[in-house]
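Undergrad: Take this structure, written in structure tokens, and hold onto it; I'll ask about it next.
What follows is calculated from the coordinates using simple rules that are stated; it is not laboratory data. The shown structure was predicted, so the numbers you read here are calculated from the model rather than taken from an experiment. Counting neighbours? That spans all protein chains shown, and the Cβs are built from the backbone with ideal geometry, glycine included.
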Amino acid sequence: MVLVHRREHFNAAHRLFNPNWTKEKNEEIFGVCANEYYHGHNFELIVSVAGTPDKETGFVIDMKKLGLLVKEHITSKCDHKNLNIEVEMFKDKIPSCEVMVMEFWHILAPKIPEIAMAKDARLHTIRLYETNNNFVEYFG
């Protein structure tokens, strides 16, 4: 098995806030991330696909096609947006990095085999960096 990784970037604002809690409890749990005026990040997204390279092409997946897939379904919808307000996949959800990678997975996982070269290609991991020091990974 070979892992192929594609890195993309997007900038977005969000607010971590549970509407069922008081302002005080939200601030206690989420700190400055509960700011009622939101806050932003320069997100780095890494999508990893696993598979056995195709004998005719040597590819698990064409990285350019993988990049286009991620741009079409994720970054074009999130880039320079307020995730809480403008992005449909986060309606009625707290857009934490953990929730974000899970939503991205549900969108991308079924589409990977459609564009892959390897017959056994599958989405392996989604990694999302919120800052240089903070990131999450999801393996489905």
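Undergrad: How large is the dipole of the range 2-138 about the Cα centre if only Lys and Arg carry +1 and Asp and Glu carry -1, each at its Cβ, rounded to the nearest 20 debye?
TA: 320
Undergrad: Then there's this: Lysine pairs, Cα distance under 17 Å, 8 or more residues apart or cross-chain: how many in the chain?
TA: Lysine pairs meeting the criterion: 12.
Undergrad: To make sure I understand, if each residue's beta carbon is the centre and we count other beta carbons within 10 Å, what order do C78, C33, C97 fall in, fewest to most?
TA: C33, C97, C78
Undergrad: What FRET efficiency do you get for L3 and T131 if R0 is 22 Å and r is their Cβ-Cβ distance, rounded to the nearest 0.05?
TA: Once rounded, the FRET efficiency stands at 0.35.
Undergrad: What is the sum of charges around R127, taking Lys and Arg as +1, Asp and Glu as -1, for the other residues whose C-beta is under 15 Å from the C-beta of R127?
TA: Result for the local shell: -4.
Undergrad: Modelled label-to-label distance, T52 and K64, 7 Å Cα→beta-carbon offset: nm?
TA: Taking the simple label geometry, T52 and K64 are separated by 2.7 nm.
Undergrad: Where both partners of a DSSP beta bridge lie in the chain, what percent of those bridges are antiparallel, to the nearest 5?
TA: The answer is about 95 percent antiparallel.
Undergrad: Near E27, within a Cβ-to-Cβ distance under 15 Å, what is the net charge of the other residues, with Lys and Arg +1 and Asp and Glu -1?
TA: Net charge in that neighbourhood comes out at 0.
Undergrad: Quick one: net charge of Y138's neighbours, Cβ under 14 Å, K/R +1, D/E -1?
TA: Net charge in that neighbourhood comes out at -2.
Undergrad: What FRET efficiency do you get for R122 and H39 if R0 is 35 Å and r is their Cβ-Cβ distance, rounded to the nearest 0.05?
TA: According to the calculation, E is roughly 0.50.
Undergrad: Still on this structure: Say R0 is 35 Å: what FRET efficiency, to the nearest 0.05, do N18 and K71 get from their beta-carbon distance?
TA: After rounding, the FRET efficiency stands at 0.65.
Undergrad: Counting pairs of Cα atoms in the chain, how many percent are more than 20 Å apart?
TA: 48
Undergrad: With unit charges on the beta carbons (Lys and Arg positive, Asp and Glu negative) and the dipole taken about the Cα centre of the chain, which residue among L123, A109, V60 sits farthest to the positive side?
TA: Most positive-ward Cα: V60.
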